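These notes concern the structure reproduced below.
The values are calculated or read from the model by the stated rules, or taken from the named source; none is laboratory data. Model, not experiment: these values are computed from the prediction. Neighbour counts run over all protein chains shown; Cβ positions are idealised from the backbone, glycine included. Ligands, DNA and RNA are excluded from the accessible area calculation, which covers all protein heavy atoms including side chains. Shrake-Rupley method; radii C 1.70, N 1.55, O 1.52, S 1.80 Å.
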Amino acid sequence: MAFRLFVPILAGATLRERMIACLGAVVAIALTGVVSGLAMGKGEYVAMLVAPVGASAVLLFAVPSSPLAQPWSIIGGNTISALVGVTVARFVHDPVIASGLAVALAIAAMSFTRSLHPPGGAAALTGVIGGPAVAAAGFLFPFVPVALNSILLVALGFLFHKLSRRNYPHVHVPAASGHGTADRPPAERVGFRPEDVDAALSALDETFDIDREDLERLLRQVELQAMVRSQRTLLCRDIMSRDVISVPETATVDDARKQLIDHNIRTLPVVDADGQLTGAVGLRELTRATDTVKGVMSRAGTASPDTPAMSLLPVLTDGRSHAVVIVDSERHILGLITQTDMLAAAARVRPVGTPFAEAAE
């Protein structure tokens, strides 16, 4: 059997992601301990780090998109749970009963405060059986070192993820219609609806470690990939326009506007002196005051001739893009696919293996 170290046990996990997580944990835990030690000083009963922070680091760096790994979950979950544990220990002197009660009440407290965080159970347990250091700290323990450790860990995690270009805190940005209206984007008006996701979750009667909006986004991507796979034989080269109107970067705004109107098009690719694509302009961009199109052009959506045509749907239905430029490896323009081209192609495609008569019905 092939060597399979770091086999993903979570959806989307890769060896590279795990290596980044390991590096982040090394840096963050070490610096958290150093800064906490400097802030708290040293002594026989001074704990620079609490064990639950190690578990928090696993979530923060290995699954930063998890709802359980967000800043409030880490800081609030650990602090609130530690406070619950210390409080229970103060009033319940049997360690066995106190341990169970502390963890149970911590789960309840985290649930009500929307700060559910698995290491919080360990923080609550530490508040009960943490030993002399915790007993000496008393009600200060949930704040120093638990809250201090948690805040430092989140701050370092935030910095690390930004430097490694990962999305943290994980914020879901709802797709907009692109026209300033309340309508959902075109791609989300077909297929399943948000209430279908809610009904499915209710029917399964389970709790999943994924944000509900992320789940919907994932399912829509699955729909897209399934459609691309079923129509994989329809490539961009099959439907693209080949006689593409473009303008140089040095063209004036008036010249570009005239080209758009004369040819009745909405997107005009912009090329440099070597004929390589550098951007695109439309009437929206040309409303800005400038001398040449180089100063107002926007980033152009691109694809290769061998790209499955249906994979361009997300770009062409985002409410902003009207065309995708087909380029070669050196960004020379080979063709153009507009929303009209895609609509015409979609009207003629049929599921693989479906007779034309059945598709027509």
Task: Gap separating the Cα centres of the range 257-299 and the range 49-121, nearest whole Å - done: 55 Å
Task: Full-extension gain in nm, residue 243 to residue 261, via 0.36 nm per residue minus C-alpha separation - done: 4.8 nm
TODO: Could you tell me how many degrees, from 0 to 90 and to the nearest 10, lie between the Cα long axis of helix 339-348 and the main elongation axis, the longest principal axis, of the Cα atoms of the chain?
DONE: 90 degrees
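Could you check what % of the DSSP bridge pairs in the chain are antiparallel, to the nearest 5?
Values: 14 of 18 bridges.
Beta bridges within the chain, antiparallel portion: roughly 80 percent.
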Task: Within the chain, helix-based [θ] at 222 nm, where runs of 4 or more DSSP H residues each add -39,500 (n - 2.57), nearest 500 - done: -15000 deg cm²/dmol
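Just how large is the dipole of the chain about the Cα centre, in debye to the nearest 20, putting +1 at every Lys and Arg Cβ and -1 at every Asp and Glu Cβ? Before the final figure, lay out the partial values.
Details: 30 positive and 33 negative charges, 130 e Å.
Taking the Cα centre of the chain as origin, the dipole is about 620 debye.
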- [ ] Rank these residues by their accessible area, most exposed first, probe 1.4 Å: 322, 117.
- [x] 322, 117
Open item on the list: Let me cross-check residue 261: its accessible surface, 1.4 Å probe, with only protein heavy atoms counted, in Å² to the nearest 10?
Closed with: 110 Å²
Task: Protein-only accessible surface order, largest first, of 148, 260 at 1.4 Å - done: 148, 260
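Ordered by packing density, taken as the mean number of other Cβ atoms within 10 Å over each peptide's residues, highest first, how do 213-226, 124-137, 83-96 rank?
On the way: 213-226: 13.9, 124-137: 19.9, 83-96: 17.3.
Highest mean packing first, the order is 124-137, 83-96, 213-226.
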Task: Between 0 and 90°, nearest 10: helix 15-40 axis offset from the chain longest Cα axis - done: 40 degrees
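Classify the range 23-100 as rounded, prolate or oblate from the Cα gyration tensor: take a ≥ b ≥ c as the square roots of its eigenvalues, call it rounded if a/c is under 1.5, otherwise prolate when a/b beats b/c and oblate if not. Write down the numbers at each step before the final one.
Working: a/c = 2.55, a/b = 1.28, b/c = 1.99.
Oblate is the answer for the range 23-100, as a/c is 1.5 or above yet b/c matches or exceeds a/b.
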- [ ] Working from the alpha-carbon coordinates of the chain, get Rg over Rh, Rh being the Kirkwood radius.
- [x] 1.12
